[in-house]
Structures are given as C-alpha cells and as structure tokens.
Amino acid sequence: MSRTVTRPVVALAGAAAALLAFTACAAEDTSATEADASESTAISAERCAENEAAGAITFLTGYQYQASASILDVVAASELGYFDDLCLDVEIQPGTGDTGQNTQLVASDQVQFTSVSQQNLLQAYDTGIELVGISSYSNVGLEILMTMPEIEDLADLDGTILGHKGGLPPAVAAMLEEAGADVDSMQQVVVGYDPSILPRGQVDSLTGFISNEPNLLAAAGEDVTVWRPYDYGVPSSLGAFAANPEFAAEHPTVVEDFLRATFHAFEYCETAAEECVAFTADLSGEGYDVDHNVNIWNTEAEIVREAQPEGTNLGAIDTDNVLAIVAMLNDFSLLENDISDDTALGLFDTSFVDAIFADGELVWPAP
C-alpha cells in the first residue's frame with residue numbers, strides 16, 4: 001500500500017522576518033502533505049485509518065486463478081489499485097478447489113475472505129464450520145448437465161450412462177427429478193476432466209460447469225445441449241463471497257470496501273475481459289489458456305447480468321434463494337441435521353452490500 005510520509009520540520013531561529021518566512025513555508029508544506037494524502041487514497045483519513053487497522057487480509061480463491069466471477073474481479077481489483085485506493089492491504093492466494101479446506105481456513109481466521117457457494121456455506125455449517133455469507137452475484141449456479149442434441153427431454157436419459165466427477169451434484173439431481181427422469185435407472189460413472197467423452201459416446205450425459213466444458217466443446221466444434229438446474233426452478237448460487245464472522249463484525253468497513261473494490265473491478269472487466277484475464281494469466285504462468293479463460297469470464301459475467309432481478313443491486317443476497325437452497329438440502333437429505341430457516345438466514349448478512357450502493361449505483365469511492 002502507498003502511504004503518505006510527513007517530513008519533520010526543522011526549527012528556524014532569527015528575526016521576525018525569518019519567523020514569518022518559516023510560518024509561510026510550514027503552511028505550504030502542510031497543504032502539500034494534505035494534497036498528497038488526498039491523492040494517495042480515495043477515501044477519508046478516518047475511514048482509511050479504520051481499514052488500515054485491520055492489517056493485512058487474505059483472500060483465498062475458489063480454484064487457482066481461473067477467470068471466474070469472484071476470482072478474476074478480486075485479482076483485477078488488486079492489479080488496478082482499487083484496494084489501495086481504499087486503504088486495504090489484500091493478499092490473494094490460489095485455492096485448490098477444495099471447498100472444505102477453504103471454509104475451514106476462513107472459520108479459523110487464517111483467511112478472512114473466500115469465494116464459496118451459498119450451498120457450500122450451509123453444508124459447512126452442518127459440519128460445525130461457521131462463516132458469514134456477505135454477497136452473491138447470481139442465483140444461477142454453475143453446475144449443469146450436458147447431452148448430445150438428440151436428447152430432447154431429460155426423461156430420455158432413463159437407463160443411460162451419466163458421467164460425473166465423483167458425485168452427482170445435488171442441483172443436477174434435483175433437476176432430473178423435477179424433469180421426471182428416473183435417476184436410479186441411470187448408470188453413474190466417475191470420469192475425468194476431458195469433456196470429449198460425451199461426443200465420443202462414452203457417456204450419454206455429463207455433468208460440468210456452464211462456463212467451462214460447454215466452451216471447451218464449442219471450441220472443438222462440438223454441438224451439445226446444456227441443461228441448467230436454474231431453468232427447472234432448482235436454487236443455487238454463482239460468485240458468492242464469505243468472510244470470517246468475527247473479522248466481519250470487528251471490521252465492517254473492510255468488508256464493505258473489499259466488496260466495493262471487487263464490484264468496481266467487476267464492472268470494469270465487463271468491458272475489458274482481455275486486460276483483466278491478462279492479470280490472472282501473469283499470476284498463473286505458463287500453460288494458462290487465455291482464450292478459454294476469457295470465455296469463462298464472459299460467460300459468467302453475462303449470466304450474472306441476465307439473471308439479475310430488476311431493481312436489485314449487484315451482489316445482493318437473495319434471502320428467498322437462501323431459504324430455497326436450505327429446503328433443497330433438507331429435502332434431499334444432504335445434511336446431517338436439518339437447518340431451520342432462521343438459522344440459515346442468520347448465516348448471511350445483507351448489510352454489507354446494502355451499504356455500498358445508493359439508488360442502485362455502486363458508490364465509488366467510499367463516502
């Protein structure tokens with residue numbers, strides 16, 4: 001972070017004229033120092049001091065430096081200097097994709113912020129790990145099911161082979177049930193990360209993420225049908241952030257301004273995808289597929305905007321969606337113990353997003 005350095009004033013002695021000259025110079029120095037301070041940050045000295053008092057804070061990505069919503073925008077906020085503008089000292093660490101590990105690190109305050117779905121946050125609470133959800137970009141989840149175009153109804157998959165990465169995602173299972181498909185009749189097999197097994201006919205359906213496998217297959221010239229749980233009324237979330245509860249309670253302006261800078265970067269990257277993906281590419285090093293990650297970002301950013309309810313703020317937590325997710329988790333017996341509606345709502349704090357918007361517009365910089 002940049003900080004203003006105030007030089008010590010050297011005392012002068014002498015006649016009245018010299019004293020007057022010194023006073024004038026001191027006034028000029030003070031004005032210059034105040035000007036430097038106002039240029040080095042975008043917020044008041046008081047708010048800057050509050051944010052700096054939190055010290056260094058750590059954000060852990062959901063998966064490496066993939067250009068997903070809730071990863072790329074945080075990296076961009078750092079690289080574009082938005083965190084510095086708000087006197088935040090943010091360190092970004094790449095996650096491995098292990099949601100359980102991420103939630104444990106946040107709960108123990110080794111990490112202050114992470115990207116984690118609302119569903120995963122509730123499942124973590126069920127295992128004794130408590131976080132506070134502070135925002136969510138969309139109720140449209142990333143998990144999808146893919147088939148070849150000849151499948152025109154999900155019930156057509158009865159008795160076929162379904163490939164997944166180790167477990168059928170609950171949202172996909174709920175979608176199949178809503179569509180009247182017989183999941184028990186399907187042969188479920190664990191597959192790797194090569195989506196070409198679908199067009200090669202090794203499986204009849206394949207789970208994946210809406211911004212990943214469909215884009216890879218399209219780039220390879222393969223035409224597939226994407227089935228979204230959201231279209232069947234199945235609740236989920238995309239690009240959600242969570243924080244350590246005690247840290248959030250002690251440093252509310254830090255939470256607000258972390259989101260403020262991140263959302264500001266989200267808006268910037270909506271029209272500068274290549275520039276923003278270059279930031280994550282630099283952090284990742286060789287082997288980073290820039291074109292694919294540009295597609296990931298554009299796909300997710302478009303989903304966020306298309307599915308954003310009219311009159312709501314970017315990143316606002318939809319409490320009705322939280323309750324719908326709880327109901328799904330309870331109904332599908334995905335929790336050791338059912339979570340009540342009141343308990344679930346208590347794990348999310350809508351005030352942080354509310355505080356950074358005015359009349360539907362993100363307030364930049366902080367007041």
How about the range 225-310: which GluC sites (Glu not before Pro) there are in a DSSP loop, with at most 15 other Cβ atoms within 10 Å of their Cβ? Glu286, Glu310
Would you mind calculating the gained length between Thr225 and Asp359 on full extension (0.36 nm times residue separation, minus the Cα-Cα distance), in nm to one decimal? 44.3 nm
Centre separation in Å (Cα based) which lies between the range 76-139 and the range 231-306: 12
Computed FRET value (nearest 0.05) for Met148 with Glu178, which takes r as the C-beta separation and R₀ as 25 Å: 0.70
Would you work out the relative contact order for the range 143-232, in percent, from Cα pairs under 8 angstrom that are 6 or more residues apart? 47
Could you tell me which GluC sites (Glu not before Pro) in the range 120-168 are loop residues by DSSP with no more than 13 other beta carbons within 10 angstrom of their beta carbon? Glu150, Glu152
What fraction of the Cα pairs in the range 132-266, stated in percent, has a spacing above 23 angstrom? 43
Between Arg228, Arg200, Arg47, where does the largest GNM mean-square fluctuation fall for the chain, given springs only between Cα atoms within less than 10 Å? Arg200
For the peptides 123-129, 328-334, what is the packing order when you average, over each peptide's residues, the other Cβ atoms within 10 Å and list the highest mean first? 123-129, 328-334
Would you pull out the residues with amide H under 5 Å of Met148's amide H, same chain only if 5 or more places away, H placed 1.01 Å from N? Thr225
Give the whole-number value, in cubic angstrom per residue, of the convex hull volume spanned by the C-alpha atoms of the range 207-298. 157
Over the chain, the quotient of the Cα radius of gyration and 2.2 N^0.38 Å is 1.19
Points 7 angstrom from Cα along the Cβ direction at Thr319 and Ala272: gap in nanometres? 3.7
Considering only DSSP beta bridges whose two residues both sit in the chain, what percent are antiparallel, to the nearest 5? 60
By how many nm would the segment from Asp194 to Asp156 grow when fully extended, if each residue of separation counts as 0.36 nm and the alpha-carbon distance is taken off? 11.3 nm
Helix-only mean residue ellipticity at 222 nm for the chain, each DSSP H run of n ≥ 4 adding -39500 (n - 2.57), per residue, nearest 500: -12500 deg cm²/dmol
Just going by the charge dipole of the chain, with Lys and Arg at +1 and Asp and Glu at -1 on Cβ, which of Val191, Leu86, Val294 is farthest out on the positive end? Leu86
What is the packing order of peptides 216-225, 235-244, 57-66, taking the mean over residues of other C-beta atoms within 10 Å and listing the highest first? 235-244, 57-66, 216-225
Beta bridges by DSSP in the range 143-232, antiparallel share as percent, to the nearest 5: 55
If a helix is a whole DSSP H run, which ones in the chain reach 27 Å or further along their own axis (Cα) and hold a mean Kyte-Doolittle hydropathy of at least 0.0? 16-40
Expected output is a single nm value to one decimal: the length gained when fully extending between Ala49 and Asp109, i.e. 0.36 nm times separation in residues minus the C-alpha distance. What is it? 19.5 nm
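None of the figures in this text is laboratory data; all of them are computed from the coordinates on show. Note that the structure is a prediction, hence the values are computed from the model and not measured. Heads up, the Cβs are rebuilt from the backbone with ideal geometry, glycines too, and the neighbour counts pull from every protein chain shown.
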